[in-house]
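*Asks:* Dropping a structure here in structure tokens format, bear with me for questions.
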Amino acid sequence: MQDIRLWSQALFCWVGTWEDTIDKKTCFWLRFYDQPENLRLWAEEAAQQRAERLVARLRELGEDPDSLS
């Protein structure tokens, strides 16, 4: 399937498809993209990204995130 994106003036973003596996289901999902066509993350994805950045930063500071309580 070709990646097609349409501009929505009402939403002020691009609307397009994105193929991935979510909850063990692989298919094309309807996704939103900002004006320069960067994928807008779902809340769960944004939280996961923040957590990964935090873990990386802790490791840079010499801390083991797995040992923190």
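Each value in this text was obtained by applying a stated rule to the coordinates, not by laboratory testing. Values in this document were obtained by computation on a predicted structure and should not be read as measured data. As a convention, Cβ positions derive from the backbone with ideal geometry for all residues, glycine included, and neighbour counts pool all protein chains shown.
*Asks:* List the chymotrypsin sites (Phe, Trp or Tyr not before Pro) within the stretch 22-69 that DSSP assigns to loop and that have no more than 16 neighbouring Cβ atoms inside 10 Å. Present the calculation step by step, with values, prior to reporting the outcome.
*Replies:* Working: sites: PHE28, TRP29, PHE32, TYR33, TRP42; in loops: TRP42.
Those satisfying the criteria are TRP42.
*Asks:* Now a separate question. Under 19 Å from a point placed 7 Å out from the Cα of LEU68 along the Cα-to-Cβ direction: which residues of the stretch 28-59 have their backbone N that close?
*Replies:* 46-59
*Asks:* Continuing with the same structure: GluC sites (Glu not before Pro), restricted to the chain: which are DSSP loop and have at most 15 other Cβ atoms within 10 Å? Mind showing how you got there, number by number?
*Replies:* Values: sites: GLU19, GLU37, GLU44, GLU45, GLU52, GLU60, GLU63; in loops: GLU37, GLU63.
Passing sites in the chain are GLU37, GLU63.
*Asks:* Relative contact order of the chain: what whole-number percent is it, with Cα pairs under 8 angstrom and at least 6 residues apart? Working shown, then result.
*Replies:* Working: 64 pairs, mean separation 12.1, N = 69.
Value for the chain: 17 percent.
*Asks:* Please report, in debye to the nearest 20, how large the charge dipole of the stretch 5-61 is about its Cα centre when each Lys and Arg carries +1 at its beta carbon and each Asp and Glu carries -1 there.
*Replies:* On the way: 9 positive and 9 negative charges, 22 e Å.
Approximately 100 debye in magnitude.
*Asks:* Compute the acute angle (0 to 90°) between the alpha-carbon long axis of helix 43-60 and the principal axis of greatest extent of the alpha-carbon atoms of the chain; round to the nearest 10°.
*Replies:* 30
*Asks:* Would you please name the trypsin sites (Lys or Arg not before Pro) within the stretch 23-63 that are DSSP coil residues with at most 12 other C-beta atoms within 10 Å of their C-beta?
*Replies:* Values: sites: LYS24, LYS25, ARG31, ARG40, ARG50, ARG53, ARG57, ARG59; in loops: LYS24, ARG40.
Sites meeting the loop and neighbour criteria: LYS24, ARG40.
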